[in-house]
Every structure is written in structure tokens, then in C-alpha cells.
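Undergrad: Starting off with a structure, shown below.
The values are calculated or read from the model by the stated rules, or taken from the named source; none is laboratory data. Computed from a predicted model, the values in this text were never measured in an experiment. Every residue, glycine as well, gets a Cβ built from its backbone with ideal geometry; the counts of neighbours run over all protein chains shown.
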Amino acid sequence: MPARMLCFALLLIGFVPATLLAQASDGAAAEAEAPATAGEKDDFDKMMGEWKVIITELRRIQQAYRLAPEKDLPKLRKEYSEVLDQGMALLPKIEDAAVQRLKASPDDQDAKLFLAKVLADALEKDDYPRGYRLVHLLLDNGFDENELLADQVVAAFGTDHFEEAETAFKKLKEKMLPIDDRVGQNGVMATELKEKWAREEELRKKEAEADDLPRVKMSTSQGDMVIELYENEAPDTVGNFVNLVEKKFYDGLPFHRVLPHFMAQGGDPQGDGSGGPGYHIFCECYNKDARDHFSGTLSMAHAGKNTGGSQFFLTFQATPHLDGKHTVFGRVIEGKDVLSKLTRREPGGLSVPTADRILKAEVIRKRDHQYVPNKAP
């Protein structure tokens, strides 16, 4: 069975609370129904019933695949993929139903456990806004705080709630609860970033009042994003980017390098990190008013001072080690969830999945002047 299919199958099974999964352990589970609440079953029960049927079917196909002759394998792979797709499509619907169940019945353990697994998956995929919402939903409905503190650090840090991340991290240490490397790094950096974030919030407030910064809509194979450009602090970089967008330079280019818990890089016509527009531009990251890297930041990729051209990256969370080294020139203001969906890949790896792409980039707002690159010699 292909690795991708097995991975997703394990993901589906992992979301099911043990009390419900136990009912799907044999063939009869396909017809079993989840225990009903008072009155009719709600959507959560019904969808969990569908979920168990899907899991049972995946297991059946897995077993058949192990014993099948070579000629039957393509058919079984296709069948398996179709069932997987059904499961992945059902997942967000079950999540919504679990949220409604928990709000109606705060003591419901199946809904809590399901959402706790969804939370873990969201943070692993860098879907921090979703993770942050789930952390607070669970906390507000009586989930054990000690079990959520580590997730709260990561979710709060990933959504630029640095004071909250710092507070949760302090509680973890005071209670001597386990702290892994990711949680530890986020907790320490949260304290260091509070001052930078206060400056950033003030800048964003002034930008919202002026409401005149250029914007680009980037349509990708995973959805649309709207990016606001920091022309005030990075006029040369913005001028170059807008010029390339208007020339349709980025249309069709891949996100060739997408690293978990870090960033998505694109803008290379070669697709391997070596290409550009045929010229370089000046770095603006050394200026006193240079912006810093937070979640959803748009920044220039380069191979050294004044070597940037067309390649850029979008951060999944704050990356302070890049401040003053790469020119920040915008941020995602709509569609940030797209970042969590982009296929993670490292060019040159042993097994590199197909890259997601920019389908179309278009300028949807700009100031009344010409935008051209200021080329470095």
C-alpha cells in the first residue's frame, strides 16, 4: 500500500476516541450506531457512525491488499484512495458537529477527546488560528488545563499572542510538566518578542487608519490569500514585487520549499531555489525602520546581501532569527489558513511530493505611481 495512503489512514483512525473506535473492531461495527443522547442522535453521533464505517472499510481493503495478486492491486489502490477521500472530506464536518455537541454538553468526553486530537493535528500542520480557537474552546468547557498548557504555548505563539504563550510556559515550568523542544523554544521566544510585537501592533494600527497600502491577491492550488505590502518601510522591495506581479511573473510558479513549523518559499522559475528574474535588488532589512517576522509575514529570500530578486517566503509563525537579515515587505491579511495546507517539501530530498503552485497573482490595490525594480549593480 502506498505510504501516503497508509499515512492518511492512520490519521483517520487516530481521530476516533477509543470508546467509539472499539465499536469498529470487527465486521459488525459497520452497522453499529454510536450511543444516542437524549432524544434523537445529533449530527456528531451520526457522523461518527459514518466515520467508523469508513475505518472498517479501510481496514478491509488493507487486508485484501496484503493477500491480493499483482493484477488486483491497482483496483484496490484506487478503491482505497476513494474511501480515504471520503474520510478526509468528512473530518471538518465532524469537527463542527463536535464543537456544537461540546457547547450543548460540556461534559461530553467523546467530543472533548475528538477535538483534542483535532487540536494536535492542527498544530502539527501549522494551522495555528484553528488550534488557538480549539485550545480556548476546550479550556472554556472544562478540559484539564494541565493537558492543554503545552498546546496553548504553541497555539498562542503561532498566532502572535506572545504574552499568553509566556504565561502558559511559566505554568508548565511551575508545575514541572513535560516540555519538548518546540514548546521550550516557543516559550522562551515569546518573552523576547513582546516588545517587538508592541511596535508591530502600533504600526498596524496606523496602517489600518491610512488604509492605502498596496495589496496583492495570490490564488494558489490550495486557496486564495490577500497580502498587504509594506511600502512605507520597504519601497524598493514592494516596487519590484508589484512590477513582477503585473508582468504575471509568478503565475504558475511552485512553492518549491515548504518546511514544517517554518515557512513556504516560492517565486523561483527554476523550481529548485536557484532561479530569479535575471537581476538582483537591494536589501532593505538593514534599515532602522525594517519590519520584523511574525505569523503570515512576506519576506525576501536571498543568497547574501543584495542578491534577492523574485524569490520570497511566507512564515507560518514568528521567526525572530531572520529579523534584520531578510527584508520583510508584507503580510497575509486574508486566507492565512492556506499556508497550513501547502504541501511540505524539501527540494533534493529522497522522496519529494508534487509542489503546490501559484495559479495567479494580481495587484488589487496600489498607490498612484509607477512600480519598478531598483536593480543592484
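Undergrad: Taking Asp160 as the residue in question, decide whether it is crowded, with 19+ Cβ neighbours inside 10 Å, at pLDDT 95 or above and in a loop (DSSP other than H, G, I, E, B). Don't jump to the end; show me each part of the working.
TA: Values: crowded, with 19+ Cβ neighbours inside 10 Å: yes; at pLDDT 95 or above: yes; in a loop (DSSP other than H, G, I, E, B): yes.
Here the answer is yes, as Asp160 does meet what is asked.
Undergrad: Considering (1) in the same structural domain as Thr307 (by TED's automatic domain parsing); (2) under 20 Å from the mean Cα position of the chain (by Cα); (3) aliphatic (A, V, I, L, M), say which one Val242 fails and leave the rest.
TA: Only one criterion in (1) in the same structural domain as Thr307 (by TED's automatic domain parsing); (2) under 20 Å from the mean Cα position of the chain (by Cα); (3) aliphatic (A, V, I, L, M) is unmet by Val242, namely (2).
Undergrad: Read through the list (1) in contact with a Pro (Cβ under 7 Å, 6 or more places away or on another chain); (2) among the charged types (D, E, K, R); (3) closer than 15 Å to Phe329 by Cα, then give the number of the only condition that Arg257 fails.
TA: Only one criterion is unmet by Arg257, namely (3).
Undergrad: Can you pull out every residue in region 126-140 that is surrounded by fewer than 19 Cβ atoms within 10 Å (Cβ to Cβ) and either closer than 25 Å to Leu342 by Cβ or at pLDDT below 95 (or both)?
TA: Going residue by residue through region 126-140, those that are surrounded by fewer than 19 Cβ atoms within 10 Å (Cβ to Cβ) are 129, 133, 136-137, 139-140.
The answer is Pro129, Arg133.
To keep it simple, each residue is scored yes or no on (1) over 27 Å from Lys288 (Cα atoms); (2) of a type outside the set (Asp, Glu); (3) in contact (Cβ under 8 Å) with a residue 12 or more places away in the chain.
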site	(1), (2), (3)
Asn146	yes, yes, yes
Leu177	yes, yes, yes
Arg182	yes, yes, yes
Asn186	no, yes, yes
Glu195	no, no, no
Glu202	no, no, no
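Undergrad: May I pose another question? Would you point out the residue of region 281-293, among those that are surrounded by 21 or more Cβ atoms within 10 Å (Cβ to Cβ) and either in the same structural domain as Trp197 (by TED's automatic domain parsing) or touching a residue at least 40 places away in the same chain (Cβ under 8 Å) (or both), that is nearest to Pro320 (Cα to Cα)? Steps first, answer last, please.
TA: At the first step, the residues of region 281-293 found to be surrounded by 21 or more Cβ atoms within 10 Å (Cβ to Cβ) are 281, 283-285, 291, 293.
With either in the same structural domain as Trp197 (by TED's automatic domain parsing) or touching a residue at least 40 places away in the same chain (Cβ under 8 Å) (or both) added as a condition, the list becomes 281, 283-285, 291.
On the way: Ile281: 23, Cys283: 17, Glu284: 16, Cys285: 13, Arg291: 11 Å.
Ranking the candidates gives Arg291 first.
Undergrad: Another one. Restricted to region 314-358, and to residues that are hydrophobic (A, V, I, L, M, F, W, C) and part of a helix (DSSP H, G or I), which residue is surrounded by the fewest Cβ atoms within 10 Å (Cβ to Cβ)? It would help to see each step written out before you state the result.
TA: Kept after step one, since they are hydrophobic (A, V, I, L, M, F, W, C), are these residues of region 314-358: 314, 316, 318, 322, 328-329, 332-333, 338-339, 342, 350, 352, 355, 358.
Now drop any that are not part of a helix (DSSP H, G or I), which leaves 322, 338-339.
Working: Leu322: 19, Val338: 21, Leu339: 26.
Looking at residues that are hydrophobic (A, V, I, L, M, F, W, C) and part of a helix (DSSP H, G or I), I get Leu322.
Undergrad: Same structure again: Taking Ala190 as meeting all but one of (1) surrounded by fewer than 22 Cβ atoms within 10 Å (Cβ to Cβ); (2) farther than 25 Å from Cys283 by Cβ, write down the number of the exception.
TA: (1)
Undergrad: A follow-up question, please. So which residues in region 276-312 are charged (D, E, K, R) and within 28 Å of the chain's Cα centre (by Cα), if there are any at all? Even if it seems obvious, please write down each step before you answer.
TA: Going through region 276-312, the residues charged (D, E, K, R) turn out to be 284, 288-289, 291-292, 305.
The answer is Glu284, Arg291, Asp292.
Undergrad: Being crowded, with 20+ Cβ neighbours inside 10 Å, in contact (Cβ under 8 Å) with a residue 24 or more places away in the chain and within 29 Å of Leu123 (Cβ to Cβ): is that true of Tyr230 here?
TA: On the way: crowded, with 20+ Cβ neighbours inside 10 Å: yes; in contact (Cβ under 8 Å) with a residue 24 or more places away in the chain: yes; within 29 Å of Leu123 (Cβ to Cβ): yes.
In short, yes.
Undergrad: Now for a separate question. Yes or no: region 29-37 includes at least one residue that is at pLDDT below 95, surrounded by 13 or more Cβ atoms within 10 Å (Cβ to Cβ) and in a helix (DSSP H, G or I). First the steps, then the outcome.
TA: Our first condition is that a residue be at pLDDT below 95; within region 29-37, this holds for 29-37.
Add one more test, that the residue is surrounded by 13 or more Cβ atoms within 10 Å (Cβ to Cβ), and what stays is 29-30, 32, 34, 37.
Next, only the ones that are in a helix (DSSP H, G or I) stay: 29-30.
Yes, some residue in region 29-37 is at pLDDT below 95, surrounded by 13 or more Cβ atoms within 10 Å (Cβ to Cβ) and in a helix (DSSP H, G or I).
Undergrad: Evaluate region 57-80: report whether one residue or more is surrounded by fewer than 16 Cβ atoms within 10 Å (Cβ to Cβ), within 25 Å of Leu138 (Cβ to Cβ) and among the small types (Gly, Ala, Ser).
TA: Checking region 57-80: not a single residue is surrounded by fewer than 16 Cβ atoms within 10 Å (Cβ to Cβ), within 25 Å of Leu138 (Cβ to Cβ) and among the small types (Gly, Ala, Ser).
Undergrad: So which of Ala104, Ala89, Ala98 ends up being closer than 30 Å to Asp140 by Cβ and surrounded by 20 or more Cβ atoms within 10 Å (Cβ to Cβ)?
TA: Details: Ala104 fails: surrounded by 20 or more Cβ atoms within 10 Å (Cβ to Cβ); Ala89 fails: surrounded by 20 or more Cβ atoms within 10 Å (Cβ to Cβ).
Answer to the selection: Ala98.
Undergrad: What single numbered condition from (1) more than 21 Å from the chain's Cα centre (by Cα); (2) crowded, with 21+ Cβ neighbours inside 10 Å fails to hold for Met225?
TA: Only one criterion in (1) more than 21 Å from the chain's Cα centre (by Cα); (2) crowded, with 21+ Cβ neighbours inside 10 Å is unmet by Met225, namely (1).
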